[in-house]
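Heads up, the thing below is written out as structure tokens.
The values are calculated or read from the model by the stated rules, or taken from the named source; none is laboratory data. The model shown is predicted, which means the values in this text are computed figures rather than measured ones. Positions of Cβ are backbone-derived with ideal geometry, glycine not excepted, and every protein chain shown enters the neighbour counts. Heavy atoms of the whole protein, side chains included, go into the accessibility calculation; ligands, DNA and RNA do not. Shrake-Rupley method; radii C 1.70, N 1.55, O 1.52, S 1.80 Å.
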Amino acid sequence: MLDLQRLRALHAVSVHGSVGAAAAALGFTPSAVSQQIAKLERETRTVLLEREGRGVRLTDEAWRLARTARELLAIVERAETELEAGRGAPEGRLAVAAFPSAARGLMPGVLAELAARHPALDTRLTEVDPHLSVDLVAKGAVDLVVAHGWDIAPLPAPAGVEQAWIGDDLCDLLVPEGHRFAGRGPVRREELAGERWICQPPGRVCHDWLVRTLREAGCEPFIVHRADENPTLVALVAAGLGIALIPRLGRGPLPAGVVEVPLDPMPQRHLYALWREGAARRPAIAETVRTLRAHWPRAAGRPAG
């Protein structure tokens, strides 16, 4: 009989793309995941992983078994949901994925409250790029995702995934002290032509939003510096190297030399919690969504209520 934990390890590798990433998501060491898959290979008398450069790749047989594993894990999840719903209290392990600024600015308080109020609930957080997280919850790699979308780049919710709105995160234009926009009222998007921009790399939601928005306003963005992390973007603005559009969530206090200027209209990104269809019956999911919403006003820098 196939061991469920070994199938879970194989499924995690198929979703995350490597043994190391699968181990991080499962809370194990890479060695433990490798051992689980090696035992599964012996059980099935099948080669599941093959070396490819410094990493591994799944064989065709492994992909077929991983698809079956996903179906089995979904059945187990439904059974666990029924049991937890019957008990009426959040418990068990809950795997949560959140994009970086939510992991920094929202999740610490949420996780601390959940741990204090529900000691039988074991919540595990993983920081994940937003363009990957929805796929992870759809494939069963995590239980709940905190992700975001924009008006011109809505968050995709595939079939079988449900979502709930958490709140709207405002974005400000950050400029160096002494810039022509510093100290004035809202800046219209049409005034941004010719500015030197600092933003995230192509393919990231914030980058794509900036490019599309400026082009719709008749401006071709002149991007001079790219960086993944918002604190790096802020530091580059502080050095007088350009301007940036950065959401407030997880941004932290601005350093000397950086001025916050509103845009008109002010950009917003919409935060959501996502989970697999039917999982909202699980008290752990419902309580986590409630806690996310309760903590949102403070995380967004707004008064509660």
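Counting the residues of segment 160-176 that are closer than 15 Å to Val145 by Cβ, part of a strand (DSSP E or B) and small (Gly, Ala, Ser) gives 1. Of the residues making up segment 200-212, those that are touching a Pro at 6+ places or on another chain (Cβ under 8 Å) and either at pLDDT 90 or above or more than 20 Å from Arg180 (Cβ to Cβ) (or both) are Val205, Cys206, His207, Asp208, Trp209, Val211.
Residues in segment 112-132 that are more than 15 Å from the chain's Cα centre (by Cα) and surrounded by fewer than 18 Cβ atoms within 10 Å (Cβ to Cβ): Ala112, Glu113, Ala115, Ala116, Arg117, Pro119, Ala120, Asp122. The single condition among (1) open to solvent by 30 Å² or more (accessible area, probe 1.4 Å); (2) in contact with a strand residue (DSSP E or B) (Cβ under 6 Å, 6 or more places away or on another chain) that Val96 does not satisfy is (1). The C-beta contact set for segment 184-200 (first residue touching a residue at least 60 places away in the same chain (Cβ under 8 Å), second residue not in a strand (DSSP E or B), distance under 6 angstrom, 6+ apart or interchain) comprises Pro186/Pro262; Val187/Phe181; Arg189/Ala217. For segment 19-29, a tally of residues being without any contact (Cβ under 8 Å) to a residue 24 or more places away in the chain and open to solvent by 70 Å² or more (accessible area, probe 1.4 Å) returns 2.
Quick one: is Leu144 of a type in the set (A, V, I, L, M), touching a residue at least 12 places away in the same chain (Cβ under 8 Å) and farther than 30 Å from Ala24 by Cα? So Leu144 does not fit the description; no. Evaluating Arg226 against the criteria (1) modelled with pLDDT of 90 or more; (2) in contact with a helix residue (DSSP H, G or I) (Cβ under 8 Å, 6 or more places away or on another chain); (3) within 16 Å of His148 (Cα to Cα) leaves one unmet condition, (3).
Among the residues here, Ile223 does not qualify as within 19 Å of the chain's Cα centre (by Cα) and in a strand (DSSP E or B). Contact map, segment 1-18: first residue at pLDDT 85 or above, second residue of a type in the set (S, T, N, Q), Cβ cut-off under 7 Å, separation 6 or more or different chains; pairs are Gln5/Gln36; Arg6/Gln36; Ala9/Gln36.
In segment 178-191, the residue that is farthest from Arg248 (Cα to Cα) out of those that are open to solvent by less than 70 Å² (accessible area, probe 1.4 Å) and assigned to a helix (DSSP H, G or I) is Glu191.
With respect to the conditions (1) closer than 23 Å to Trp165 by Cα; (2) in contact (Cβ under 8 Å) with a residue 12 or more places away in the chain; (3) surrounded by fewer than 20 Cβ atoms within 10 Å (Cβ to Cβ), Val224 lacks only one, and its number is (1). Can you tell which of Gly105, Gly92 is over 18 Å from Ala138 (Cα atoms), in contact (Cβ under 8 Å) with a residue 40 or more places away in the chain and touching a Gly at 6+ places or on another chain (Cβ under 7 Å)? Within the list Gly105, Gly92, the selection yields Gly105.
Selection of strands (runs of 3 or more DSSP E) fully inside segment 228-302 by the criterion of at least 2 residues being open to solvent by less than 30 Å² (accessible area, probe 1.4 Å) and at positive phi returns nothing.
Yes/no per residue for (1) surrounded by fewer than 16 Cβ atoms within 10 Å (Cβ to Cβ); (2) within 14 Å of the chain's Cα centre (by Cα); (3) aromatic (Phe, Trp, Tyr); (4) farther than 21 Å from Ala286 by Cβ:
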residue: Val134; (1), (2), (3), (4): no, yes, no, no
residue: Val137; (1), (2), (3), (4): no, yes, no, no
residue: Ala147; (1), (2), (3), (4): no, yes, no, no
residue: Pro154; (1), (2), (3), (4): yes, no, no, yes
residue: Ala157; (1), (2), (3), (4): no, yes, no, no
residue: Gly160; (1), (2), (3), (4): yes, no, no, no
residue: Gly167; (1), (2), (3), (4): no, no, no, no
residue: Cys171; (1), (2), (3), (4): no, no, no, yes
residue: Pro176; (1), (2), (3), (4): no, no, no, yes
